[in-house]
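> Would you mind keeping the following structure in view while I ask a few things?
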Amino acid sequence: MSTQRPMVELRNIRKSYGTLEVLKGIDLSVERGRIVSIIGPSGSGKSTLLRSVNMLEEVSAGEIWLDGTQVNQPLSGRAFERHINGIRQAMGMVFQQFNLFPHLTVHQNIMIGPMRLKGLSKDAARQRADELLAKVGLTGKGGSYPNRLSGGQKQRVAIARALAMQPKVMLFDEATSALDPELVDEVNLVMKQLAGEHMTMLIVTHEMRFAAEVSDHVLFMDGGVVVEQGTPDRVLANPTEDRTRAFLRKHLSN
Amino acid sequence: MMLDFSQVPGYGGLILTGLLWTILITCLAGAVSILLGVLAAVATLYGPRLVSLLLREVAFLFMATPLLLQLYLLYYGLSQVGILLPAFWTGVIGLGIHYAAYNADILGAALKAVDPGQAEAARSLGFARGATLLHFVIPQAMLSSLPQMGNNSIMLLKDTAVLSVLGIAELVLNAQRAISETYRPFEFYLVAAALYYIVNLAMELALKVASRRAEVVR
Ligand SMILES: Nc1ncnc2c1ncn2[C@@H]1O[C@H](COP(=O)(O)OP(=O)(O)OP(=O)(O)O)[C@@H](O)[C@H]1O
Ligand SMILES: [Mg+2]
């Protein structure tokens, strides 16, 4: 494959809440296995953009593509529901607040998707869950309920839960922002490991050092537009836009 | 006056049969009240606007009028138009619907209180709207409303006594039968009260254990 199509492609994405336009025409192309970090001040539209990719937010205009399939197809009712559920199975999402299912054990949190949506047998799902728990360093925690885990452990379970669906892309919305500082590294480590395995990832983060280490491409957003983008070296070390410089100065000083 | 329980053992079979019917009715009507309560709450919250308004009104009617009247309407009212329900099922259904209204109220609030992040997480995995409700939102709402729904079930247990007016041979009616033969109302009503009390204690204990388990899971 010489002319590879991008894994994720956004074309002129716009999103308004009422009269407030929060995304003002965003274009982004993410090649297979690439890691893109999205940075920017609070309210700049990072979460909205990320959530548009799997249509947790419905965009007002523009096109979203996943591996050659249009995500926001103009289907109606049931047909759209079926379409989007299939698309979402191929995209893992990790939330700032973890959003583990509190009434299910760690095992069940990870197994329920593959069993109910992919028809995996209980044994196969269990085996996959145990492999993923080993991968995120939580072997033996399968029987615990989420509220017995630390924040860092919860987020690693959430990553395992998403990975259990064997997604093509992983979306992270400030995965470490709700964590105590000493728990951030254990989650970052898992994300770096995924990067090493060439998982395609979109990462919204406010950790500039992590973004610099892990990403191939950095997007700086402000006020619903992409102000500056490029390699981490370009955007984080040698920004050309004033807004980027001001943002980085503020963020690196504390 | 002297209390004299010497006649009670002779009617032990009758009293215990009444108790068993009371427990059976509680279980059946309790199941109806929870099932219908969940359905009503879900339809009120997520159904079309008209359905939602209608259900809210119906639920209010069931809570605003006496249970006894509702039972009479179901039993005698319906028989007047040719629908003859057996007394037992009239009682189970009437009691079940009455408490379904209360359960729907509680569950509606609990459903609204489930963190929206839960549904988002399920949807992001690829679960459909209905499956998200069924596997994630409803179970969590039921767990969080367990104490209140449990209390409703205990109220329901006590209200099974009302079914004696339909001639259902539950605990109160059978106590009355014993009394009509022995002229010992004090003794038999006290025995019945003690039995309600014991079942009540058992239910409260079970509820406490279940609530403590539910606490672990939230
Ligand atoms: N449901 C909504 N209704 C109305 N406005 C919204 C809604 N969600 C987000 N917004 C607005 O959209 C803008 C972008 O929000 P968004 O959450 O995408 O920003 P963000 O870059 O992720 O910020 P943060 O760093 O604080 O997470 C903000 O002005 C926000 O107030
Ligand atoms: Mg955000």
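This table checks each residue for (1) over 30 Å from A:GLU9 (Cα atoms); (2) in a helix (DSSP H, G or I).
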site	(1), (2)
A:ALA134	yes, yes
A:ARG161	no, yes
A:PRO167	no, no
A:LEU179	yes, no
A:LEU183	yes, yes
A:MET191	no, yes
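> Among the residues of region B:102-139, write down those that are within 7 Å of another protein chain (Cβ to nearest Cβ) and of a type in the set (Ser, Thr, Tyr).
Of everything in region B:102-139, just one residue is within 7 Å of another protein chain (Cβ to nearest Cβ) and of a type in the set (Ser, Thr, Tyr), namely B:SER124.
> Does A:ALA164 satisfy being free of Cβ contacts under 8 Å to residues at least 60 places away in the same chain, surrounded by 22 or more Cβ atoms within 10 Å (Cβ to Cβ) and touching a strand residue (DSSP E or B) at 6+ places or on another chain (Cβ under 9 Å)?
Yes: the conditions hold for A:ALA164.
> Separate question: Enumerate the pairs (first residue in region A:47-64 and open to solvent by less than 40 Å² (accessible area, probe 1.4 Å); second residue anywhere and among the hydroxyl-bearing types (Ser, Thr, Tyr) and at pLDDT 95 or above) with beta-carbon separation below 8 Å, excluding pairs fewer than 6 apart on the same chain, so at least 6 apart or on different chains.
A:ASN54/B:SER124; A:LEU56/B:SER124; A:GLU57/A:THR48; A:VAL59/A:SER52; A:ILE64/A:SER52
Residue-wise test of (1) within 16 Å of ligand 2 (Cβ to nearest atom); (2) under 23 Å from A:GLY33 (Cβ atoms).
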| site | (1), (2) |
| --- | --- |
| A:GLY142 | no, no |
| A:PRO146 | no, no |
| A:GLY152 | no, no |
| A:VAL169 | no, yes |
| A:THR176 | yes, yes |
| A:VAL184 | no, no |
| A:LEU189 | no, yes |
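> If a residue counts only when it is in contact with a Gly (Cβ under 8 Å, 6 or more places away or on another chain), at pLDDT 95 or above and more than 16 Å from ligand 2 (Cβ to nearest atom), which helices (runs of 4 or more DSSP H) contained entirely in region A:42-122 have at least 3 such residues?
A:77-89, A:106-118
> Filter region A:65-96 for residues that are polar (S, T, N, Q), more than 16 Å from ligand 1 (Cβ to nearest atom) and open to solvent by 20 Å² or more (accessible area, probe 1.4 Å) and give the result.
The answer is A:THR69, A:GLN70, A:ASN72, A:GLN73, A:SER76, A:GLN89.
> Would you pick out the residues in region A:97-131 that are of a type in the set (A, V, I, L, M) and either open to solvent by 30 Å² or more (accessible area, probe 1.4 Å) or within 11 Å of chain B (Cβ to nearest Cβ) (or both)?
Hits for region A:97-131 are A:LEU100, A:LEU104, A:ILE110, A:ILE112, A:MET115, A:LEU117, A:LEU120, A:ALA124.
> Also, I was wondering about something else. Out of everything in region A:14-41 that is under 18 Å from the mean Cα position of the chain (by Cα), more than 16 Å from ligand 2 (Cβ to nearest atom) and open to solvent by less than 40 Å² (accessible area, probe 1.4 Å), what residue ends up being farthest from the other protein chains (Cβ to nearest Cβ)?
Checked region A:14-41; the qualifying residue farthest from the other protein chains (Cβ to nearest Cβ) is A:GLY33.
> Let me ask another. I need the full set of residues from region B:133-173 which are polar (S, T, N, Q), open to solvent by less than 10 Å² (accessible area, probe 1.4 Å) and more than 15 Å from B:ALA31 (Cβ to Cβ), in order please.
B:SER145 - this is the single residue of region B:133-173 that is polar (S, T, N, Q), open to solvent by less than 10 Å² (accessible area, probe 1.4 Å) and more than 15 Å from B:ALA31 (Cβ to Cβ).
> To continue, here is another question. Does A:MET199 qualify as being within 25 Å of A:GLU31 (Cβ to Cβ) and either crowded, with 19+ Cβ neighbours inside 10 Å or of a type in the set (D, E, K, R) (or both)? Show your work before the answer.
Details: within 25 Å of A:GLU31 (Cβ to Cβ): yes; either crowded, with 19+ Cβ neighbours inside 10 Å or of a type in the set (D, E, K, R) (or both): yes.
The answer is yes for A:MET199.
> Can you run down the residue pairs with Cβ atoms below 9 Å, 6 or more apart or on separate chains, where the first is in region B:61-83 and assigned to a helix (DSSP H, G or I) and the partner is of a type in the set (Asp, Glu)?
Hits for this filter: B:MET63/B:ASP105; B:LEU67/B:ASP159.
> Still on this structure, I have one more. Looking at region A:202-212, which of the residues that are within 14 Å of ligand 1 (Cβ to nearest atom) and not in a strand (DSSP E or B) is most open to solvent (accessible area, probe 1.4 Å)?
This residue is A:HIS206.
> For region A:176-186, state whether one or more residues are away from ligand 1 (no atom under 13 Å from the Cβ), in contact with an Asp or Glu (Cβ under 9 Å, 6 or more places away or on another chain) and within 14 Å of another protein chain (Cβ to nearest Cβ).
No, region A:176-186 contains no residue that is away from ligand 1 (no atom under 13 Å from the Cβ), in contact with an Asp or Glu (Cβ under 9 Å, 6 or more places away or on another chain) and within 14 Å of another protein chain (Cβ to nearest Cβ).
> Within region A:23-38, is there a residue that is without any contact (Cβ under 8 Å) to a residue 24 or more places away in the chain and outside any loop (DSSP other than H, G, I, E, B)? So that I can check it myself, show each step before the final result.
Pass one, region A:23-38, residues without any contact (Cβ under 8 Å) to a residue 24 or more places away in the chain: A:29.
So of that shortlist, the ones also outside any loop (DSSP other than H, G, I, E, B) come out as A:29.
Yes, the conditions are met somewhere in region A:23-38.
> Shifting gears a bit: Condition check: within 14 Å of another protein chain (Cβ to nearest Cβ) and of a type outside the set (A, V, I, L, M, F, W, C). Does A:GLY151 satisfy that?
Here the answer is no, as A:GLY151 does not meet what is asked.
The values are calculated or read from the model by the stated rules, or taken from the named source; none is laboratory data. Predicted model, so just to flag it, every value in this text is computed and none were measured. Glycine also receives a Cβ, built like all others from the backbone with ideal geometry; neighbour counts cover every protein chain displayed. Areas reflect the complete protein model, heavy atoms only, side chains present, ligands, DNA and RNA absent. Shrake-Rupley method; radii C 1.70, N 1.55, O 1.52, S 1.80 Å.
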